[in-house]
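Enquirer: I have a structure here, written as structure tokens, and I will follow up with some questions on it.
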């Protein structure tokens, strides 16, 4: 049988089809071998600096929240505006005051603010008597916020009308009816007192 001019009992087209099928099968085998080898050796498809164990890339230029080649700094207290509001001015017996903290980046650049429960402290007093603190006896979770210039974020804190202290004392007397004030302190910045009454 000639390679270029097949001869045999079958028509020439049959032999050419057989040769084409064998050639395609050979190419497919070669492609599969290459794919398997690349899969086993990693193939070099991982971008440089990207870990394969699922951890985050520490390069700040790879973070979409930071400009290339820079790191986002913590919010400067001088560029941070904080405000505290209450959902009512007076609360009937059994009603629990709800306070809203508003934190605004008044600076010209984005900054990071830890606004977690451990850092965002609301203290309630009555005269010179410290009644309750939102950070008393609580570890709290960190909450890193990326604030753009002029951007504000709000977080709420509810007071259950109990008394607490930093020493985690028990059996403290319950607060009675009267006038109270709440102050928010965050990142070294404190708000004006919010005055309210309990019935």
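Enquirer: On a full-extension model of 0.36 nm per residue, what is the gain between residue 158 and residue 93, subtracting their alpha-carbon distance, rounded to one decimal in nm? Spell out each step's value before the answer.
Expert: On the way: separation 65, 0.36 × 65 = 23.40 nm, distance 1.53 nm.
Contour length minus the Cα-Cα distance gives 21.9 nm.
Enquirer: Continuing with the same structure: Taking Cα pairs under 8 Å and at least six residues apart, what relative contact order does the range 77-198 come out at, in percent? Display every interim value, and only then the final one.
Expert: Working: 275 pairs, mean separation 40.8, N = 122.
It comes to 33 percent, rounded to a whole number.
Enquirer: For each of 37, 124, count neighbouring Cβ atoms within 10 Å of the residue's Cβ, then give the residues from fewest to most.
Expert: Values: 37 10, 124 24.
Fewest to most other Cβ atoms nearby, the residues stand as 37, 124.
Enquirer: Under 1.5 on a/c is rounded, so check that first for the range 77-198, then, if it is not, pick prolate when a/b is larger than b/c and oblate when it is not; a ≥ b ≥ c are the square roots of the alpha carbon gyration tensor eigenvalues. Don't skip to the end; give the middle numbers.
Expert: Details: a/c = 2.44, a/b = 1.75, b/c = 1.40.
It comes out prolate by the Cα gyration axes.
Enquirer: What is the list of residues in the range 120-152 whose amide nitrogen lies under 14 Å from a point 7 angstrom out from the Cα of residue 74, following Cα to Cβ?
Expert: 120, 142-145
Enquirer: Within the range 143-164, name every residue whose backbone N is under 16 Å away from a label modeled 7 Å from Cα of residue 100 along the Cβ vector.
Expert: Output list for this probe position: 152-159.
Enquirer: OK, next. Please give the direction-averaged projected area of the C-alpha convex hull for the range 145-191, in square nanometres with one decimal.
Expert: On the way: hull surface 21.3 nm².
Averaging across all directions leaves 5.3 nm² for the Cα convex hull.
Enquirer: At what distance in nm do the modelled label points of residue 199 and residue 166 sit from each other, each positioned 7 Å from its Cα along Cα→Cβ?
Expert: 3.6 nm
Enquirer: Compare the peptides 111-121, 77-87, 24-34, 173-183 by average per-residue count of other Cβ atoms within 10 angstrom and give them in order, highest first. If you can, show how the numbers build up before the last one.
Expert: Working: 111-121: 17.9, 77-87: 15.5, 24-34: 10.1, 173-183: 13.6.
So the peptides 111-121, 77-87, 24-34, 173-183, ranked by packing, come out 111-121, 77-87, 173-183, 24-34.
FYI, it's all coordinate maths here, none of it is from the lab. Worth saying up front: this structure is predicted, and the values here are computed from it rather than measured. For neighbour counting, all protein chains shown are included, and Cβ atoms are generated from backbone atoms with ideal geometry for every residue, glycine included.
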